[in-house]
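Report on one structure; see the data block that follows.
The values are calculated or read from the model by the stated rules, or taken from the named source; none is laboratory data. These numbers were taken from a predicted model, which means no experiment stands behind them. Glycine also receives a Cβ, built like all others from the backbone with ideal geometry; neighbour counts cover every protein chain displayed. These accessible areas exclude ligands, DNA and RNA; they are computed on the full protein's heavy atoms, side chains included. Shrake-Rupley method; radii C 1.70, N 1.55, O 1.52, S 1.80 Å.
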Amino acid sequence: MLNQILRKDELSKDDLLYLIGLESESDLELLFKAAYEVKTRWVGRKAYYRGLIEMSNLCLKNCFYCGIRSGNHQVKRFTMSREEVLGLVAWAERNQYGSVTLQSGERNDLDFIELIDDLLSEIGQIEGGRLGVTLCLGEQRPETYKRWRELGAHRYLLRMETSSPELYRRIHPADRHHDFDYRRQCLSVLKGLGYQVGTGVMIGLPGQTLENLVDDIIFYRQMDIDMIGMGPYVVHQDTPLGRQAVADGLDSPDQRRRRLDLSLKMIALTRLYLKNVNIAATTALQALDHLGREKGLLAGANILMPIITSREYRRQYMLYDDKPCLDDNADQCRHCLSGRVQAIGEEVGFGLRGDSPHYSPAA
Ligand code: 5AD
Ligand code: SF4
């Protein structure tokens, strides 16, 4: 049965449900092997870097799972200066990273928007447009997305967190800042503006079913998504969802293992189903297993996001507990990650942008 499904070119929802339920070591090995073959054929065996700049931990949202939610008063808030961000961008360029990702908590105040406007203009000039720029700055107004696109940003990552409106409601406060439909609409606006569009979900959320996860993969196709960034849900102790998860016994070693395996299965299934998209092996995988990111690459992912944020800010950008690489600087992360890539027989696409083959600019 398993071999038959894995040989199919087009998987049905029932096939996906069957595959996501696989448990035995030998079945998982077959699944990951099949996904790796599809990856090799459609996107190759290079891992592309997106240097991650966590530029501000101010956030107007209050998501129940996230360590930097506005309601967490333990967090010391920071915003990098324009010069600090540009310094990190220059470092990425010097080190032949094909792209950088500007990420922050969600903000739409004028100061912040103007800072991004300014940074995009500067990055476009300094690098002659060579460096790929991905924005991961949450929900914004359509005109803001449009201006940033015109200023040279060409990828946008906005995670839906889940494609189920009901589950979304359970993990977010019920106010106008946390509106499932608006978020989904943002993805369509971004697509319409010609961005390469990325989304993703958290895997292993309390109350999330296997069918929810399969529906997430089908959602990626329906929305014609080019890039996927998804990873396991990882408990943060100072959050409502984290506290509840600990109280319910959902943070045991067994449960963490289950969330890791589930995340790897999601990567493999997404690769088998969508074939030519970019899929990130996210840092959260490594919070649950020190070989998490390598395992992600071997299950079908082809993108890595080395953190280049300076060490002083890393601890203040804690979305979840056990964030790896806290004591490293950008140089250390670069070496450590390239070592990890080589150890599994792949190479890093240094100096290359590594755009998603799924993306067609004319569409
Ligand atoms: N566990 C895993 N991922 C998380 N994120 C936020 N909090 C957590 C958590 N506790 C992810 C969300 C968000 C991204 C920036 O970080 O998916 O979109
Ligand atoms: Fe803010 Fe994003 Fe964290 Fe939600 S997940 S609180 S939007 S940083």
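Tabulated data for the structure shown
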quantity	calculated
Separation of alpha-carbon centers, the range 199-235 and the range 315-358, rounded to whole Å	22 Å
Principal axis dimensions, the range 183-222 - Cα atoms, whole angstrom, descending	34, 16, 14
The range 1-54: Cα Rg divided by the 2.2 N^0.38 Å rule of thumb	1.43
Heavy-atom accessible surface of the range 1-90: percent carbon and sulfur, 1.4 Å	52 percent
Share, in percent, of DSSP beta bridges within the chain that are antiparallel, nearest 5	5 percent
The range 227-363 - percent relative contact order, Cα under 8 Å, separation 6 or more	26 percent
Value of Rg to Rh for the range 236-363 (Rh from inverse mean 1/r over Cα pairs, i.e. Kirkwood)	1.00
Reciprocal of mean inverse Cα separation for the chain (Kirkwood radius, Å)	20.5 Å
Gaussian network model of the chain, springs between alpha carbon atoms under 10 Å - residue of 100, 235, 246 with greatest fluctuation	246
Percentage relative contact order, the range 116-219, counting C-alpha pairs under 8 Å, at least six apart	31 percent
Against the rule of thumb 2.2 N^0.38 Å, how large the Cα Rg of the range 50-196 comes out	1.06
Equivalent ellipsoid semi-axes, the range 210-282, via Cα gyration tensor eigenvalues times 5, rooted, Å	27, 12, 11
Largest to smallest principal axis extent of the C-alpha atoms in the range 299-363, angstrom	41, 30, 24
Lys, Arg +1 and Asp, Glu -1 on Cβ, resulting dipole of the range 218-362 about Cα centre, debye, nearest 20	240 debye
Euclidean distance of C-alpha centroids, the range 17-56 and the range 237-304, integer Å	11 Å
Over the range 139-207 - Rg/Rh using Cα atoms and the Kirkwood inverse-distance radius	1.02
Surface per residue (accessible, 1.4 Å probe) for the chain, Å²	41 Å²
Nearest-20 debye value, the chain charge dipole, Cβ charges on Lys, Arg, Asp, Glu	320 debye
